[in-house]
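Each remark here refers to the structure printed beneath this line.
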Amino acid sequence: MKLSSFGEKFAGDSGIVGLMDDLGNALRENPDMIMMGGGNPGRLPQMEAVFRRRLDAVLGDPPQRHRLFGRYQSPQGDHDFRACVAEFLSAQYGWKLGAGNIAIANGSQPAFFTLFNMLAGEMPPEHLGEPAGGSRRIHLPLTPEYLGYADAGLTEGFFSATRPAVDLLDDHLFKYRVDFGRLELDGGVAALCVSRPTNPTGNVLTDDEVAHLDRLARERGIPLIIDGAYGAPFPNILFTPARPHWNENTILVLSLSKLGLPGVRTGIVVAREEIAHAFANANGILNLASGNLGPAVTLELFRTGEILDLARAVVQPFYQARARAALDEFRERLAGLPFRIHRPEGAFFLWLWFEGLPIGSQVLYQRLKQRGVLVVPGHHCFFGLDDDWPHRHECIRVSYVQDEESVRRGIGLIAEEVARAYGAIIPRRSGLQESSP
Ligand SMILES: Cc1ncc(COP(=O)(O)O)c(C=O)c1O
């Protein structure tokens, strides 16, 4: 097979595709594998019951059923659904939104692909005089970032990133902050992008950081893209106060996935009309139309505001309790080892930092996989960073959404392998024990 440049980039084996394959195949290779690597949300029976009730109602009503199965919507998405989401967000936050500000995508992942490549990459000739020599890039003001962005650019050198400031906190915690002193935005930057809460770290950019980024983006006439896959108003997996942010210069991308609907593939782009419309044009070429299932299942939840109650009363408390339990367990199991954990402020991962880790995160990942627990090695999340910072090889991302017993066992195995890596004593609940060779 002779691949085009596009084919080589997108059909080849990038590091991240390899990792995803590994994560995907792990359960087949070892059915007892403890899956602490993936981005699946937890199973919440109350949410599943609501989705089922809504789906039954749609299926039981012939016009709604036909609208679900029998129609292509416009490339921007079903007008009623967009109007309803716009009204919901306007009522919550006072943003001035109409249906024209909303575009529906088949998941937020492809929305990022389209948005990123719409804004960055090779620029048309009239832009060739700009400092970056005709191509522009997406800048991540804070790295590590969501590894799902890493290969989304059609051109090379698509991302750049700024190394964060690191605040060392009590109780083995730490927190990344945007280092505005290092943040340099030249004419080659097409847009800023942040996930808030951040995958992989569970960080939540403060309101001040967001306001500062917003100011910088507006001064330079570039959009600020905020990935709200875990944020407010839904799924609202936030453990710290954070004011949602949108204005005409912001592209906010929401998703139904972490609410418990990753299989329906619905992303929601909130942007000024010009951008939403441009996105819809591209979506028409790439997808013809977006799927109807997510809008069908959630329309009434938006209309009644029930989505907000569910996010606040069911989704958020579930993840917050899990975060606390996982944090406590790690503190106990890793006692005596040089570990730090990013303060869990949202999303559903713990980001662990093992300073001076002698084996690096890739080897730790492999050893953990052999022991039957899957995590994400952190070095993949520092793409765009042009700097050999040792820290990037000292971190792993651990999801805590599996059942509590599996999470406890997984944490125990991680602690054993980390202790072994440092050539240290394995911390055990019932006293200390020598590490295995
Ligand atoms: C930060 C972040 N953004 C976007 C996505 C993509 O989600 P989806 O395409 O299911 O909306 C994910 C998925 O894990 C994510 O973690």
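The values are calculated or read from the model by the stated rules, or taken from the named source; none is laboratory data. All of these numbers come straight from a predicted model, not from anything done at the bench. We place every Cβ from the backbone using ideal geometry, glycine too, and count neighbours over all the protein chains shown. These accessible areas exclude ligands, DNA and RNA; they are computed on the full protein's heavy atoms, side chains included. Shrake-Rupley method; radii C 1.70, N 1.55, O 1.52, S 1.80 Å.
In this simple spin-label approximation, Asp309 and Phe180 carry label points 7 Å from Cα along the Cα→Cβ vector, and these lie 4.1 nm apart.
Probe of 1.4 angstrom, ligands and nucleic acids ignored: what's the accessible area per residue over segment 134-199, in square angstrom?
Working: 2170 Å² over 66 residues.
Heavy-atom accessible area per residue stands at 33 Å².
Applied to segment 31-47, the Karplus parametrisation 6.51 cos²θ - 1.76 cosθ + 1.60 on θ = phi - 60° returns per-residue 3J(HN,Hα) values of x, 9, 4, 8, 8, 10, x, x, x, 5, x, x, 8, 10, x, 5, 5 Hz, with x for Gly and Pro.
Could you tell me what percent of the accessible area of segment 302-374 is made up of carbon and sulfur, with a 1.4 Å probe and every protein chain present?
Ligands and nucleic acids excluded, carbon and sulfur give 47 percent.
If you take the square roots of the eigenvalues of the alpha-carbon gyration tensor of segment 6-79 and sort them as a ≥ b ≥ c, do you get rounded (a/c under 1.5), prolate (a/b over b/c) or oblate? It is oblate, given that a/c is not under 1.5 and a/b is not larger than b/c.
What a 1.4 Å probe finds exposed on segment 44-167 is 53% carbon and sulfur by accessible area, rounded to a whole percent. Rounded to the nearest 10 degrees, the angle from helix 207-220 to the longest Cα principal axis of the chain is 50 degrees.
In order along segment 394-410, the phi-based Karplus estimate (6.51 cos²θ - 1.76 cosθ + 1.60, θ = phi - 60°) of 3J(HN,Hα) comes to 10, 10, 9, 10, 10, 8, 10, 8, 5, 4, 4, 5, 5, 4, 4, 5, x Hz; Gly and Pro are listed as x. Take the alpha carbon gyration tensor of segment 231-329, find the square roots of its eigenvalues, order them as a ≥ b ≥ c, and report rounded if a/c is under 1.5; if not, report prolate when a/b exceeds b/c, else oblate. Prolate, because a/c is 1.5 or more and a/b exceeds b/c.
The relative contact order of the chain comes to 21 percent, based on Cα pairs under 8 Å that sit 6 or more residues apart.
Cross-link reach is defined here as a Cα-Cα straight distance under 28 Å, omitting same-chain residues fewer than 8 places apart; for Lys258 the lysines meeting it are Lys96, Lys175, Lys369. Helix 293-304 and the long axis of the chain differ in direction by around 80°, with both axes built from C-alpha atoms.
Length gained on full extension, Arg53 to Arg71, computed as 0.36 nm times the residue gap minus the Cα-Cα distance: 4.3 nm. Proximity of backbone amide H atoms, modeled 1.01 Å from N, is registered between Ile251 and Leu224, Ile225, Ile226 at under 5 Å, excluding neighbours fewer than 5 places apart on the same chain. Taking label positions 7 Å along the Cα-Cβ direction at both Lys9 and Lys96, the computed distance is 3.7 nm, reported to one decimal.
Rounded to the nearest 10 degrees, the angle from helix 360-371 to the longest Cα principal axis of the chain is 80 degrees. Scanning residues 5 or more positions from Thr162 or on other chains, those with amide H under 5 Å from its amide H are Leu140, Leu142, Thr143, with H placed 1.01 Å from N in the peptide plane.
Couplings for segment 167-177, taken from phi via the Karplus curve 6.51 cos²θ - 1.76 cosθ + 1.60 with θ = phi - 60°, read 8, 8, 10, 5, 6, 6, 9, 8, 8, 7, 10 Hz in order; Gly and Pro are left as x. Highest GNM mean-square fluctuation among Glu329, Glu394, Glu184, for the chain modelled with Cα contacts below 10 Å: Glu184.
Quickly estimate the mean residue ellipticity at 222 nm for the chain, helices only: each DSSP H run with n ≥ 4 gives -39500 (n - 2.57), and the total goes over all residues, rounded to 500.
Using -39500 (n - 2.57) per qualifying helix, the result is -12000 deg cm²/dmol.
Which trypsin sites (Lys or Arg not before Pro) in segment 58-91 sit in a loop by DSSP (not H, G, I, E or B) and have at most 12 other Cβ atoms within 10 Å of their own Cβ?
Working: sites: Arg65, Arg67, Arg71, Arg82; in loops: Arg71.
Passing both the DSSP loop test and the Cβ count: Arg71.
Taking a ≥ b ≥ c as the square roots of the eigenvalues of the Cα gyration tensor of segment 1-127, is the shape rounded (a/c under 1.5), prolate (a/b larger than b/c) or oblate?
On the way: a/c = 1.96, a/b = 1.17, b/c = 1.68.
Oblate.
FRET efficiency for the pair Arg408 and Glu274, taken as 1/(1 + (r/R0)^6) with r the Cβ-Cβ distance and R0 = 51 Å, rounds to 0.50.
Springs join every pair of Cα atoms under 10 Å in this Gaussian network model of the chain, and among His79, His393, His380 the largest mean-square fluctuation is at His79. Projected label points at Leu168 and Asp328, each 7 Å from Cα along the beta carbon direction, are separated by 2.7 nanometres.
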